[in-house]
Amino acid sequence: MIVVRNCFVAKPGHASKLAAQLKEAAASGKFTKWRVLTDLTGEFNRVILEYDVKDLAEFDAQMKDYATNQAFRDKMKGYTDLWATGSREILQIA
């Protein structure tokens, strides 16, 4: 099992908007187990979309689907205006 974390540092005043948009998009996508997290400590305005995949092949299939899934793309429209920087972590569950 693999955990994928898409980590964003939102622009000031936009963290709650970004979190809401990610929740709505994830609900419309093909995520099996997902959650949206916001910071309590560490960097300010941090928003994380975390989800599980069976293996890297499933992750690759999801990425290809999202490139063509119009409903998901519509939910994500404008999200890049809400964050300043981001990264992706892909972790294996021990």
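Quick check on Thr80: is it loosely packed, with under 13 Cβ neighbours inside 10 Å, hydroxyl-bearing (Ser, Thr, Tyr) and under 15 Å from Arg5 (Cα atoms)? Lay out the reasoning, then the answer.
Working: loosely packed, with under 13 Cβ neighbours inside 10 Å: yes; hydroxyl-bearing (Ser, Thr, Tyr): yes; under 15 Å from Arg5 (Cα atoms): no.
So Thr80 does not fit the description; no.
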Of the residues in the range 1-52, those that are out of contact with any strand residue (DSSP E or B) (no Cβ under 7 Å at 6 or more places or on another chain), in contact (Cβ under 8 Å) with a residue 60 or more places away in the chain and open to solvent by 60 Å² or more (accessible area, probe 1.4 Å) come to Lys17
If the requirement is being hydrophobic (A, V, I, L, M, F, W, C) and touching a helix residue (DSSP H, G or I) at 6+ places or on another chain (Cβ under 7 Å), which of these qualifies: Ala71, Ala67? Ala71
The correct count of residues that are at positive phi and either among the polar types (S, T, N, Q) or in contact with a helix residue (DSSP H, G or I) (Cβ under 8 Å, 6 or more places away or on another chain) (or both) in the range 1-46 is 1
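The values are calculated or read from the model by the stated rules, or taken from the named source; none is laboratory data. Everything numeric in this text was worked out from a predicted model, so none of it was measured. Neighbour counts are summed over all protein chains in view; Cβ atoms, including those assigned to glycine, are modelled from backbone coordinates with ideal geometry. Surface accessibility is based on the protein's heavy atoms, side chains included, excluding ligands, DNA and RNA. Shrake-Rupley method; radii C 1.70, N 1.55, O 1.52, S 1.80 Å.
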